[in-house]
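Step one of this worksheet: look at the structure below.
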Amino acid sequence: MTEPGHIQVREEQANRYASREDFQTIFSEHLNDLYQLSFLLTRDPAKAERCFVSGIEDCVTGNRVFREWARSWAKRTIVQNAIRELKPRPSHSNSPLSETLPDIGRLSGGPGGHFAIDAVLGLEDFERFVFVMSSWSTTRNTTVAFSSGPRLEKFGRLAPALLRN
């Protein structure tokens, strides 16, 4: 193969993978959803910020992924960082899994299928992870009833600077 042929093949392969700019766009456009995921998993604003920022770093410096998988990869990195941060474990290691799962009915915040944020945050770490992960993987609209509050607004103002670095 000639040199120009090699260059064209490499460019085509490179275009199939998510770039740093692709991840910057994803984290900018989906800032609220991704931070909300981080916060719901960690239940703590400082830990949520660490998981979110680590997720950005992991995406732009980590393994290459196909462009169409980039948003899922961003969520995956946030989940991984939350797991590393909290190391969630079931409360009773000898009890059946069905006993450790939360009662969905008591978490429901209304007829729209949304859940009360206080009820979700009140779950133990393992139960919260199971609930949040199953909710995020089964719904197309990932917005859970959540009032942003001043902490999220503050983080929203800081995030663009993080994404540029």
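Does any residue of region 88-97 turn out to be at pLDDT below 95, polar (S, T, N, Q), over 22 Å from SER134 (Cα atoms) and buried (at least 17 other Cβ atoms within 10 Å of the Cβ)?
Looking through region 88-97, none of the residues is at pLDDT below 95, polar (S, T, N, Q), over 22 Å from SER134 (Cα atoms) and buried (at least 17 other Cβ atoms within 10 Å of the Cβ).
Condition check ((1) at pLDDT below 95; (2) among the small types (Gly, Ala, Ser); (3) over 23 Å from PHE131 (Cα atoms); (4) within 10 Å of the chain's Cα centre (by Cα)) across all residues:
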site	(1), (2), (3), (4)
THR2	yes, no, yes, no
GLN8	yes, no, yes, no
ASP33	yes, no, no, yes
ARG50	no, no, no, no
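Within region 54-64, which residues are over 13 Å from LEU37 (Cα atoms) and surrounded by 20 or more Cβ atoms within 10 Å (Cβ to Cβ)? If you could, list the steps in order and put the result at the bottom.
Pass one, region 54-64, residues over 13 Å from LEU37 (Cα atoms): 54, 56-64.
Within region 54-64, ILE56, CYS59 qualify.
State which residue is nearest to the chain's Cα centre (by Cα) when the search covers only region 52-92 and only residues that are of a type in the set (D, E, K, R) and under 21 Å from ASP22 (Cα atoms).
Just the residues of region 52-92 that are of a type in the set (D, E, K, R), to begin with: 57-58, 64, 67-68, 71, 75-76, 84-85, 87, 89.
Subsequent filtering for residues that are under 21 Å from ASP22 (Cα atoms) retains 57-58, 64, 67-68, 71, 75-76.
Working: GLU57: 13, ASP58: 12, ARG64: 18, ARG67: 17, GLU68: 16, ARG71: 9, LYS75: 3, ARG76: 6 Å.
Looking at residues that are of a type in the set (D, E, K, R) and under 21 Å from ASP22 (Cα atoms), I get LYS75.
Is it the case that ARG43 is within 19 Å of TRP136 (Cβ to Cβ) and modelled with pLDDT under 95?
Working: within 19 Å of TRP136 (Cβ to Cβ): yes; modelled with pLDDT under 95: yes.
Yes.
From the list ALA46, ALA18, pick out the single residue that is surrounded by fewer than 17 Cβ atoms within 10 Å (Cβ to Cβ) and aliphatic (A, V, I, L, M). Even if it seems obvious, please write down each step before you answer.
Working: ALA18 fails: surrounded by fewer than 17 Cβ atoms within 10 Å (Cβ to Cβ).
Answer to the check: ALA46.
The values are calculated or read from the model by the stated rules, or taken from the named source; none is laboratory data. This structure is a prediction, so every number in the text was calculated from the model and none was measured. Because the Cβ atoms are built from the backbone with ideal geometry, glycine has one as well, and the counts that use them run over all protein chains shown.
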